[in-house]
Amino acid sequence: MASGVVDIQVSKELAENTIVIIYNCEGGLPNDLHLIRDGYEVTLQRADLEGKVRVVHEQGSDCSFNYIEVDPLTARKFRMRHGSRFTLVYDPNVNRLRIRRITTSHAHGFLVSEPRKHRDGSIIIGYTLLSWLGIPSTPNMVITVANGSISKKLKVVIPENELETDFRLTAINMRRFGLKPGKKWGLVYNQLTQTMKVMPVAATASRRIRPRLTKPTRRR
């Protein structure tokens, strides 16, 4: 058996019924997807959907999280949206690659005060932390930030230093959420609701697998 967690990248450059696995990104979670034979045809299955696809391996370069590229036809057939996160499990005995959507991701982020008041409508998140949480780096991305019963929609801003694992809020937003800067907070992001919950680290520590830090590369 081989398994791993990956993000989905839809690429028009791929031939139909093809998936490319990039499994060696330094910020990704541990996996053994290299055990799937390169260039091999497997049965791809999601719930009651299945079909034959060709698996190709590719080496990642400074990428922040493991991912697979799929052609648009395969993406539509298996309902895989660009930027969504999946777990892959390969059974060599039956040559079957099962995929399952992951809707929530966990991480820890260090909260820093944002001094610019014009950022009251934004949350600044380092790209590495953004990748750990599975938040797509699409232009004008808006997420709901919540702490308990308090929530607010904020535009995601990515700082120039993409290595950052911090997130920043203005003073007015920290007061709104009852958060203190200068400490780590547990973060849980739901891709379906586009909501990031902020909570004490102890509440998420047992569920988070720490990825390794590296310089990220934004791909398509």
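Which trypsin sites (Lys or Arg not before Pro) from the stretch 1-77 combine a DSSP loop assignment with at most 11 other Cβ atoms within 10 Å? If you can, show how the numbers build up before the last one.
Numbers: sites: LYS12, ARG37, ARG46, LYS52, ARG54, ARG76, LYS77; in loops: LYS12, ARG37.
Qualifying residues, ordered by number: LYS12.
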**OP:** Quick one: go through the stretch 89-121 and flag any residue whose amide nitrogen is under 19 Å from the point 7 Å out along the Cα-to-Cβ line of LYS184.
**Re:** 105-113
Original post:
How much area per residue is accessible in the chain when the probe is 1.4 Å and only protein heavy atoms are counted (Å²)?
Top reply: 51
**OP:** First select every other residue whose beta carbon is under 13 angstrom from the beta carbon of THR195; then total the charges, Lys and Arg +1, Asp and Glu -1.
**Re:** +3
Subject >> Chain lengthening between GLN59 and GLU26 when straightened (0.36 nm per residue, less Cα-Cα) >> reply: 10.8 nm
Original post:
What is the gain in length, in nm to one decimal, between LEU49 and ALA15 on full extension, counting 0.36 nm per residue of separation less the C-alpha to C-alpha distance?
Top reply: 10.3 nm
**OP:** Rounded to whole Hz and in sequence order, give me ³J(HN,Hα) for the stretch 32-37 from the Karplus expression 6.51 cos²θ - 1.76 cosθ + 1.60, θ = phi - 60°, writing x for Gly and Pro.
**Re:** 10, 5, 5, 6, 6, 5
**OP:** For the chain, calculate the relative contact order in percent as a whole number, restricting contacts to Cα pairs under 8 Å that are 6 or more residues apart.
**Re:** 24
**OP:** Can you sort LEU49, LEU73 by 1.4 Å-probe accessible area, starting with the largest?
**Re:** LEU73, LEU49
Original post:
Which value in deg cm²/dmol, rounded to the nearest 500, describes the helix-derived mean residue ellipticity at 222 nm for the chain, given -39,500 (n - 2.57) per DSSP H run of n ≥ 4 and division by the residue count?
Top reply: -2000 deg cm²/dmol
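When only the heavy atoms of the protein chains count and the probe is 1.4 Å, how do ASP71, ASP7, ASP62, ASP120 rank by accessible area, highest first? Intermediate results must be reported in sequence, preceding the final value.
Values: ASP71 0, ASP7 25, ASP62 80, ASP120 50 Å².
Descending accessible area places them as ASP62, ASP120, ASP7, ASP71.
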Original post:
Got a number for the accessible area of HIS57? Probe 1.4 Å, square angstrom, nearest 10.
Top reply: 40
**OP:** Determine the share of the chain's accessible area contributed by carbon and sulfur atoms, expressed in whole percent, with a 1.4 angstrom probe.
**Re:** 49
**OP:** Note the full-extension length gain between GLN194 and ALA2 as 0.36 nm times their separation in residues minus their Cα-Cα distance, in nm to one decimal.
**Re:** 66.2 nm
**OP:** Tell me which label goes with the value of Rg and Dmax of the Cα atoms in Å computed from the coordinates here: [x] 17.4, 56; [y] 25.4, 95; [z] 18.3, 59.
**Re:** [z]
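The values are calculated or read from the model by the stated rules, or taken from the named source; none is laboratory data. Computed from a predicted structure; not experimentally measured. Ideal geometry is used to build each Cβ from the backbone, glycine not excepted, and the neighbour counts take in all protein chains shown. Surface accessibility is based on the protein's heavy atoms, side chains included, excluding ligands, DNA and RNA. Shrake-Rupley method; radii C 1.70, N 1.55, O 1.52, S 1.80 Å.
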